[in-house]
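The values are calculated or read from the model by the stated rules, or taken from the named source; none is laboratory data. Keep in mind the model is a prediction, meaning the values are calculated, not measured. We place every Cβ from the backbone using ideal geometry, glycine too, and count neighbours over all the protein chains shown. In case anyone asks, the SASA skips ligands and DNA or RNA and just uses the protein heavy atoms, side chains included. Shrake-Rupley method; radii C 1.70, N 1.55, O 1.52, S 1.80 Å.
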Amino acid sequence: MKEEGKIINSNCPYKVLHPFTFMPGYENVNVTDISNQYISLAKGKGSWVYDEEGKAYLYTTTAVPSVGLGNDEIINHITNQYKKLSFASTCAQTHNLINELAERLIQICGDNYGSVFFSNDGSGAVETAMKLARQYFLSKGNNTRTKFLSLEGNYHGTTFGSGSVTHMGIKETFGPDLDDCYSAPAPNLYRPPIEGTEKEIIEYCILELEKQIEDIGANTIAAVLLEPIQGVNGIVVLPEEYITAVRQITKKYGILLIMDEVATGIGRTGNWLASHHYNVQSDLLALSKGITGGYFPMGVTVMSNEIIQQLVGNGGIFLHGSTQSGHPIGCAAALAVLDLIEEKGLIENTRTKGNHILNKLREEFTNTNFVGDIRGMGFMISMEFVNDKVTKEPLSFEYGEELTRILHENGLLGNYFNGNLIMYPPLTLTDNEMDYLIDKLIITIQKFENYMKERKSK
């Protein structure tokens, strides 16, 4: 039972299996256990969320709330749409917002693109791109191009297909995955696949990608998938030279390029797309998260003119979709979010403030022994923590738990995973909120440093 958002019957068994849950012992937990383990959010406004005790946190956990929470303009826009048309199927039907949003997205993404498919999330957007890549080649009479190649450390989703091209040790949990999904080393300059200079690491990864293509058989590969910035892996920004080379290699071998911008798209990097920063045009583009700002679930797959012209002419039936593809409420939310980003100049806000935050953090923590690396682009920011800068040994799980506790104590909600503190401030972040984020991080790291010294002295 609840009263005014507070839990009363806290000893009842807890019946929810959360995403990415460590399950041993989970069957015995009750509501009190969960409330002690997780922060229970009660409300949110702008860049802030509040727990059930009223404590405020700057919300930087995910790239989803691109324009903050509880925005009245967007809520009014969605509410009006609910009153007019709360649902409409787009299977052999349509509504007036779906093509308006598709045109708007193509205008944003670039003239290279010609059509849009709507799904329900980022995994769905990637899954759609993979199916479109296969159908594209089948429609040309080529039934050998069925394989996919992506990078180690890439995260593309959790569905069967998108999970099969995710190389982070997740898919092994579920047994055999989709056949013929391969990986190549990523130019992670902080944790590189070889020792060497930055140039040598990039050249090695380029050569290994091309070698993989030739070993697998170029005429059997449908697409290469790229995250221009690896999000879940710790905001690993791929070098421009590498991404440019990947585009050239895929064109050389007639392979499609799927750019996964589920996290990086819609202003997150200080550009509409990270692809714009790299000046690279992909054949298929996956978007989600910030496109509706969390006000409604939506995924988007944007297709190049060449692909849509081939499929419309020779593709047969596209036997793929969802009952809620192109939901009118999602379209209304996305259009309102895009309007707000443009009207408020949020892309420039993200670019300038993101650079300032990164510069201040690097200035502050350059000589801190357990801060191994500070990296990012726009409002994708990561601090990687290590036991020692020389060995780059990751922090233990126990230390990570304490760091998270101090962050929460200081009113910050980030996402600590595998030694990395990942932060996605809303694009609407103000000057005062930016200063708050920097100041609280400094306080947190100072407290954490004292904690580490005390533990190591015992």
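Miscellaneous remarks
- Ranked by how many other beta carbons lie within 10 Å on average, peptides 119-127, 210-218, 303-311, 96-104 from highest: 119-127, 303-311, 96-104, 210-218
- Debye log10 I(q)/I(0) for the range 273-331, one point scatterer per Cα, at q = 0.14, 0.16, 0.17 Å⁻¹: -0.55, -0.70, -0.77
- If you sort Val116, Val236 by accessible surface, 1.4 Å probe, largest first, the order is Val116, Val236.
- Label-point gap, in nm, between Leu207 and Lys344 - each point 7 angstrom along Cα→Cβ: 4.8 nm
- Measuring between their Cα centroids, the range 144-200 and the range 19-93 lie 30 Å from each other.
- Cα convex hull, the range 161-311: 139 Å³ per residue, rounded to a whole number.
- Convex hull volume per residue for the range 324-371, taking Cα atoms only, in Å³: 102 Å³
- Looking at the range 40-135, the pairs of alpha carbons with a distance over 20 Å make up 60% of the total.
- Each listed q (0.24, 0.27, 0.28 Å⁻¹) maps to a log10 I(q)/I(0) for the range 33-92 from the Debye sum over equal C-alpha point scatterers, namely -0.98, -1.09, -1.12.
- Aspartates and glutamates whose Cα lies under 12 Å from that of Lys45, excluding same-chain neighbours fewer than 8 positions away: Asp72
- In order along the range 351-366, the Karplus-derived 3J(HN,Hα) couplings, from 6.51 cos²θ - 1.76 cosθ + 1.60 at θ = phi - 60°, round to 5, 6, 5, x, 4, 5, 4, 4, 5, 5, 5, 5, 4, 6, 10, 4 Hz, and Gly and Pro are given as x.
- With all protein chains kept in place, the per residue accessible area of the chain amounts to 46 square angstrom at a probe of 1.4 angstrom.
- With R₀ set to 51 Å, the beta-carbon distance separating Asn99 from Asp431 gives a calculated FRET efficiency near 0.85.
- Ordering Val312, Thr350, Ser325 by the projection of their Cα atoms onto the charge dipole of the range 293-366, which places +1 on the Cβ of Lys and Arg and -1 on the Cβ of Asp and Glu, puts Thr350 at the extreme positive end.
- Over the range 335-400: Rg over Rh, Cα atoms, Kirkwood Rh: 1.18
- Pairs of alpha carbons in the range 123-209 whose separation is greater than 22 Å (percent): 38 percent
- Calculated FRET value between Glu152 and Arg455, using beta carbons and R₀ = 35 Å, to 0.05: 0.60
- Separation of the range 399-439 from the range 341-374 is 12 Å, based on Cα centroids.
- For the chain, alpha-carbon Rg over 2.2 N^0.38 Å: 1.00
- Kirkwood-Stokes translational diffusion coefficient of the range 319-458, alpha-carbon pairs, 10 °C, 1.306 mPa s, µm²/s: 93 µm²/s
- Placing unit charges on the Cβ atoms only, positive for Lys and Arg and negative for Asp and Glu, gives the chain a dipole magnitude near 500 debye about its Cα centre.
- Rel. contact order, % - alpha carbon contacts under 8 angstrom, at least six apart, the range 29-143: 11 percent
- q = 0.27, 0.33 Å⁻¹, the range 154-198: log10 I(q)/I(0) [Debye, one scatterer per Cα]: -0.93, -1.23
- Point-charge dipole on Cβ atoms (K/R +1, D/E -1) for the range 338-458, about Cα centre, debye to 20: 460 debye
- Normalised by the number of residues in the chain, the mean separation of alpha-carbon contacts (under 8 Å, six or more apart) gives a relative contact order of 20 percent.
- Kirkwood analysis of the Cα pair distances in the range 282-380 returns a hydrodynamic radius of 17.1 Å.
- Checked against a 32 Å cut-off, the cross-linked pairs Lys199/Lys389; Lys55/Lys353; Lys15/Lys344; Lys15/Lys453 give Cα-Cα distances beyond that limit for Lys15/Lys344; Lys15/Lys453.
- Pairs of alpha carbons in the range 228-334 whose separation is greater than 21 Å (percent): 45 percent
- Of all accessible heavy-atom area on the chain, the percent that carbon and sulfur account for (1.4 Å): 50 percent
- Calculated FRET efficiency for the pair Glu198/Glu409, C-beta based, R₀ 45 Å, to 0.05: 0.75
- As a length-normalised measure over Cα pairs under 8 Å and 6 or more apart, the relative contact order of the range 340-395 settles at 27 percent.
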